[in-house]
Amino acid sequence: MATEEKKKASMLESVKAQFEAAADKMNLDKNIRKILSNTNNEIVVHFPVKMDDGSVEIFTGYRVQHNSALGPYKGGLRYHPTVDLDDAKALAIWMTWKCSLAGLPYGGGKGGIQLDPKKYSASELERITRRFTYALGDNIGPDYDIPAPDVNTNPQIMAWIADTYMSQKSPKERSKFAHVVTGKPVGSGGLEGRDRATGFGVVSTLRNWAKWRNTSLKGKKFIVQGYGNVGQWAARFLQEEGGIMVAVQDHTGTIYNENGIDAFELLAYTQMNNGGVAGYPKASEFDGSEFFGIDCEICIPAALGNQINGSNAESIKAKVIAEGANGPTTPEGEAILAKKGVDIIPDILCNSGGVITSYFEWLQNRNGEIWQMEDVIEKLSKKMDVSFKKVTDTAERYNCDLRTAAYIQAISRIEVAYKERGVFP
Ligand code: GLU
């Protein structure tokens, strides 16, 4: 419990330290610094849900809205035992930077429910989700705050949120509210390609990184932490680029094969195995505590925060870390990696493919359109390339690392909005 507490506190500390470093470097206006250091709204709800056995359980849900200078709050909902107010704050702040850097008309929000979804049946999860949505009430809305999937939430959960929210509106107006949430199943207004977008974006930043560093992804060994939506799509796309996946770690175990683990075969295996990689027959079991020290060129953390830290950063062999997860590297870990000359493609750039396509889904719903997969991937690819270039240009201009450069880009856009509009009244 003590280490868990420490781990949770430091996600918020990480995002704050990253912000301060960038604010110093860019000499950010002190009033704007004050505004951005705080979260606008913090909503905590406790709500009762009837379990399958007839008993009632009380759940705690969160939604933090950091800043809306650029538009409605946007960001995912996660279902995980570690979710709490500080986590939600940290993740909401990261969303503000991510949306700004990607050039989207959104601010940042994040939330979730503190629970282990594996402990509940599908019908219990449906009631939990619907009752949470009801408890949030008009604290979310298509022009106010738009949730999406995150850790342990998926298109089915988004469909329940949309349906619950829409069912509280007049039947005549119902269909106007489908874009209260993104990441819905395609049959319910979801976007073709939203499912693979984050993983695709991770690999697109790696492609850009390889070009920038005058190298190629072909034949490069890589390791992936987390084989959920982000990890498995990133692994498949990187394998298609010629990368060789040598190890995967998830909550069930760590597997290793120096000759390569086929990303598609592993996915098929996990689908038969409750989502877990443990026991995959074409790889051997590996000591989990040594995972980040495995010999490879590319490391993709795509699970939870604070995984690369002071205790393991020194052992890392990879030349580049592509942050599929939010906040996977602590400032202490990052300082060690910087000394070793390891590039970090920061989360707010690397995993922005998800929220970029959420924006496309929102536009699709607002305009009553149905977009095609090819268009989605093409538009996403262009946006990722533009963001990457902005970040590397800024890094060169300020002579700083990619994370600080990404922050400077993101904060500058918000600074302009405040300078133009002023602070009410
Ligand atoms: N949860 C994802 C993220 O952290 C997606 C958010 C969204 O699509 O709004 O970026």
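DSSP assigns beta bridges within the chain; of those with both partners inside it, close to 50 percent run antiparallel.
Taking a ≥ b ≥ c as the square roots of the eigenvalues of the Cα gyration tensor of the chain, is the shape rounded (a/c under 1.5), prolate (a/b larger than b/c) or oblate? Here the chain falls in the rounded category.
Distances between placed amide hydrogens fall under 5 Å for residue 296 paired with 317, 318, all partners being 5 or more residues away or on another chain.
If the segment from residue 417 to residue 216 were pulled out straight at 0.36 nm per residue, it would be longer than the present Cα-Cα gap by 68.5 nm. Within the shell defined by Cβ-Cβ distances under 13 Å, the residues around residue 337 carry a net charge of -1, with Lys and Arg each +1 and Asp and Glu each -1.
Compare the Cα positions of 330, 106, 234 along the charge dipole of the chain (+1 at Cβ of Lys, Arg; -1 at Cβ of Asp, Glu; about the Cα centre) and return the one farthest towards the positive end. So the residue we want is 106.
Starting with the highest mean, order 42-52, 337-347, 240-250 by the number of other Cβ atoms within 10 Å, averaged over the residues of each peptide.
Ranking the peptides 42-52, 337-347, 240-250 by packing returns 240-250, 337-347, 42-52.
Each of residue 259 and residue 44 was given a label point 7 Å from its Cα along the Cα-to-Cβ line. The distance between the two points is 5.5 nm. In a shell of Cβ-Cβ distance under 13 Å around residue 323, excluding residue 323 itself, what net charge do Lys and Arg (+1) and Asp and Glu (-1) give? Every neighbour counted, the sum reads -2.
Dipole check for region 103-163: with +1 at the C-beta of Lys and Arg, -1 at the C-beta of Asp and Glu, and the Cα centre as origin, the magnitude is about 240 Debye.
For region 276-292, 3J(HN,Hα) computed residue by residue from phi via the Karplus equation (6.51, -1.76, 1.60; θ = phi - 60°) reads x, 8, 4, x, 4, x, 9, 8, 9, 5, 9, 5, x, 6, 9, 3, 5 Hz, glycine and proline entered as x. Of 375, 84, 262, the residue with the greatest mean-square motion in the GNM of the chain, using alpha carbon springs below 10 Å, is 375.
Residue separation of residue 397 and residue 82 scaled by 0.36 nm, minus their Cα-Cα distance, works out to 109.5 nm of gained length. Rounded to the nearest 20, the Cβ-based charge dipole of the chain about its Cα centre (Lys and Arg +1, Asp and Glu -1) stands at 1120 debye. Projecting the Cα atoms of 260, 357, 135 onto the charge dipole of the chain, computed from C-beta unit charges around the Cα centre, puts 357 farthest toward the positive end.
Summarising the strand pairing of region 1-120, around 75 percent of its internal DSSP beta bridges are antiparallel. Please say if region 199-308 is rounded, prolate or oblate, where rounded means a/c under 1.5 for a ≥ b ≥ c the square roots of the C-alpha gyration tensor eigenvalues, and otherwise the choice is prolate for a/b larger than b/c and oblate otherwise? Because a/c hits 1.5 or more and a/b exceeds b/c, region 199-308 counts as prolate.
No value in this document is a laboratory result; all are computed from the given coordinates. Everything numeric in this text was worked out from a predicted model, so none of it was measured. FYI the Cβ positions are ideal-geometry reconstructions off the backbone, even for glycines, and counts take in every protein chain you see.
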